[in-house]
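The values are calculated or read from the model by the stated rules, or taken from the named source; none is laboratory data. Keep in mind that what you see is a predicted model, and the values were worked out from it rather than measured. Cβ: placed from backbone, ideal geometry, glycine included. Neighbour counts: every protein chain shown. Just so you know, the surface numbers come from the protein's heavy atoms only, side chains and all, with ligands and any DNA or RNA stripped out. Shrake-Rupley method; radii C 1.70, N 1.55, O 1.52, S 1.80 Å.
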Amino acid sequence: LCAPGSAAVAPRAGRSSRARMSLTRESFSLVVLGDLHLEDEMTAHHEARADCLAALRKYSLLDVSTVVDLRGRRAGELTITELELVLDAAREGELLDAHLVSLGDLGRKDIRHKPGDAGTSKSFEDALAYFDGFAPLELSVITGNHDLEGLDEFGTDEANLQAWMKCFSLDAPWWAKQVARRTLIVGLSTTRFRESPYSSHEVFISDEQICWFERTLQQHPASDGWKVLVFSHAPPMGSGLRVLQGVHIRNGCAWLNHCGTPEQSRAFLRLVREHSQIKLWASGHFHLSHNYEDAICFREGCAFVQTGVVGPKSTRDACRQTRLVQGDEAGLRILTVNHHLRDEAGDAIVRLDAELDYASGELVLAHGSEDYDHGDWFSAYTPEEADGCYLAAPSGRVACTQTEPAAVCWWRMADGRTLGVHGGQVVEYDAETLSPLGIVVEKERLLGREVVVVNEGEALVLIDNRAEGVPPLVEVIHPNDDGSYWLRLQRNKRVRQAEKLREQLEASGSRSSETPPPDIRVADSARRPLSGISLLVDRAARSGVKIRISGVIPHWGGG
């Protein structure tokens, strides 16, 4: 992705009249806002902002006694660091060394084709006005998938992105900022919506941006004592964070570069593995709370952190929460500001969730989870090598949804692709990280059928034996052109709009010359090439020929 010796251009971080972070002190506080999605009624958002500022004051980094002592001494007796502390404390008070990070998705979630919709100039301006209410906190913001959805106002992703950058005084949508003596925060932004090959809501980090990120890490190594905290709208593949299978996995937009090449989608966890200075990676996108067991996951020495929402129309589980991250030379503290929970005084309840100790490299969770197991919050299953569900040499029936509706298993096909059965569906997983990629066979299609693997992973077939007195119905599951199996069920929004327009014009007796942009390809997931053993099984099924496949239940094939 990043050619050796290639230059990494450092973008301008943006102008700010807000308080600056100290480059000599070790401590800092970060308010991390999830998907903002401004609403018509902003009472809850304003309440959340007040809650965050109150939490910063309650857990202030200002050491009042130290400042009082320094103020009692003559200026000539103070070091530069001490003088800086006195001046910053006078300007910022209890909000000393605090910073605001927004994970994007700024505008109104329900698209009305009016200014204020997500991705419009007005949504950016309204969000900036909202952020100004956090003064004197310095602001850092990244794009979310909805921030490039201004289809009515902008013809291209580039124009949409430029309007966003202009509003927030940025030269590039990605940035790196030093917030303490040896602590760097990094923001990565999605840069495409109209040009997405499949789901427009995929959070895509370009190769140029990945290259810049890698160079930035090389310039701030762990050997020099650097700590790096990363922010992106969606989490990286392999993070282990909870994801909704029925929404983000089904639509192919759960992870960074979900629909990209394996090299693109795996780049982020690779960088975490190679650079031990990455200590935290915060993301939003799912509109889920911090109360789940997998709302914080610890992988490769990095805490991956889910960030909730503040808007009542955005939450999926009735919780409204913001992250508060505090750090010093010893480690990190990860807290939750609960906007929906109040104490007797009417203040938002602030909860410690986890502490990361730099010296030991251990993450300690402060409490258990309040998990939900019912279908509405169904989490995608992530296989593990020793979970007891792995089929080492699959041949024959691996699952039957009629007799074993709760079956869970996974296996590797002969070409290395990883498939499994979970929740009554066939799912594909990334072969390296084992993160869920997408749905291969949906519940309705799999219901009552047997899942059969042919010749240790040469082919995957579905068998329906429910009709008595007739040959079983056999369906071969063919791979896509790129070798993957998962269905691209959500298509590019701009292409879908063009198709809908043509259909409307056709129904009215006229035709439109508008066609999907030439640089967009919409894959037909129903058309999969026939090859090898799959072709043999498919032809046999169509012609009524009975064949033997080792391990299949005796009444199919008949010997």
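Annotations
- Net charge over other residues, Cβ less than 13 angstrom from the Cβ of Ala282 (K, R count +1; D, E count -1): 0
- Ignoring lysines fewer than eight residues from Lys166 along the same chain, the ones with Cα atoms less than 18 angstrom from its Cα are Lys122.
- For the stretch 108-265: rounded, prolate or oblate by the Cα gyration tensor [a/c cutoff 1.5]: oblate
- Bridge orientation summary for the stretch 138-273: considering DSSP beta bridges with both residues in this region, about 50 percent are antiparallel.
- Neighbourhood charge, 13 Å Cβ-Cβ cut-off, centred on Phe213 and excluding it, Lys, Arg +1 and Asp, Glu -1: -2
- Ignoring aspartates and glutamates fewer than eight residues from Lys500 along the same chain, the ones with Cα atoms less than 16 angstrom from its Cα are Asp152, Glu514.
- Dipole magnitude of the stretch 57-126, debye to nearest 20 (Cβ charges: Lys/Arg +1, Asp/Glu -1, about Cα centre): 360
- Across the accessible surface of the stretch 211-263, with the other protein chains kept in place and a 1.4 Å probe, carbon and sulfur atoms take up 46 percent.
- Rounded Å value of the spacing that divides the Cα centres of the stretch 178-203 and the stretch 319-367: 24
- For Lys58, a cut-off of 12 angstrom between C-alpha atoms picks up these aspartates and glutamates, skipping any fewer than 8 places away in its own chain: Glu94, Asp347.
- Formal net charge of residues neighbouring Glu456 (Cβ-Cβ distance under 12 Å; K, R +1; D, E -1): -1
- Put simply, when 462-473, 198-209 are sorted by average Cβ atoms within 10 angstrom per residue, most first, you get 198-209, 462-473.
- Only Lys, Arg, Asp and Glu carry charge here, each on its Cβ (+1 for the first two, -1 for the last two); on that basis the stretch 48-188 has a dipole of about 400 debye about its Cα centre.
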